[in-house]
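The values are calculated or read from the model by the stated rules, or taken from the named source; none is laboratory data. Note that the structure is a prediction, hence the values are computed from the model and not measured. Heads up, the Cβs are rebuilt from the backbone with ideal geometry, glycines too, and the neighbour counts pull from every protein chain shown.
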Amino acid sequence: MQLSARNIIDGKVSDVELGAVMAKVKIEVSKPGIITALVSKEAIEDLNVKKGDDISAIIKSTEIIIAKK
């Protein structure tokens, strides 16, 4: 996968909380420790993100985008 974003942090999903529309994904990384991303529930379901998955947090501007490998 090639991206223009340069702020990519690899980690492991430590928790997924699904709401009616949005989902909260906690990503365990070496530093700073945990990154929390708020993404659409649809994106979580499309990527089949679950606790324990290896994942990347892609930080662009004021948003965090997640990518599943």
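For the stretch 36-65, the set of residues classified as acidic (Asp, Glu), modelled with pLDDT of 85 or more and loosely packed, with under 13 Cβ neighbours inside 10 Å consists of Glu42, Glu45, Asp46, Asp54, listed by residue number. Scanning the stretch 36-65 for residues that are under 16 Å from Arg6 (Cβ atoms) and under 12 Å from the mean Cα position of the chain (by Cα) turns up Ser56, Ala57, Ile58, Ile59, Glu63, Ile64, Ile65. Pairing residues of the stretch 1-23 that are surrounded by fewer than 10 Cβ atoms within 10 Å (Cβ to Cβ) with residues that are at pLDDT below 90 and assigned to a strand (DSSP E or B), at Cβ distances under 8 Å and at least 6 apart in sequence or on separate chains, gives Met1/Ala67.
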